[in-house]
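In what follows, a structure is listed as structure tokens, so that the remarks can point back to it.
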Amino acid sequence: MSAPGICVVLVSWNTADCIGTAIDSVPVGCGDRSYEIIVVDNGSVDGSVDMLKARADRSEEHTSELQSHH
């Protein structure tokens with residue numbers, strides 16, 4: 001029997017300086033379990049959204065949707 005999947009939701013507002021570290025920590029904490037990461041941006045103006053879009057473009061993982069609500 002496989003381990004249950006994990007969904008990590010990160011709420012972001014002007015977190016360009018630390019959101020990458022938070023995302024990078026997820027696979028370490030999940031071990032062998034499958035996971036998904038959902039980032040909800042709350043109108044950042046510090047480049048967070050652009051950084052996340054660039055990261056998603058470079059990712060080998062599937063990115064289903066990236067929207068900013070501002």
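The values are calculated or read from the model by the stated rules, or taken from the named source; none is laboratory data. These numbers were taken from a predicted model, which means no experiment stands behind them. Note: accessible area is taken over every heavy atom of the protein model, side chains too, but ligands, DNA and RNA are not part of it. Shrake-Rupley method; radii C 1.70, N 1.55, O 1.52, S 1.80 Å.
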Quick one: 3J(HN,Hα) in Hz for the stretch 35-48, Karplus 6.51/-1.76/1.60 with θ = phi - 60°, rounded, Gly and Pro as x. 8, 9, 10, 10, 10, 10, 8, 10, x, 4, 10, 9, x, 4
Taking amide hydrogens as modeled 1.01 Å from N in the peptide plane, which residues meet the under 5 Å criterion relative to Glu36, leaving out close sequence neighbours? Ile6, Cys7, Val8
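With all protein chains present, how much of the accessible area of the stretch 1-57 (probe radius 1.4 Å) comes from carbon and sulfur, to the nearest whole percent? Please list the in-between numbers first.
On the way: 2040 of 3630 Å².
It is 56 percent, rounded to a whole number.
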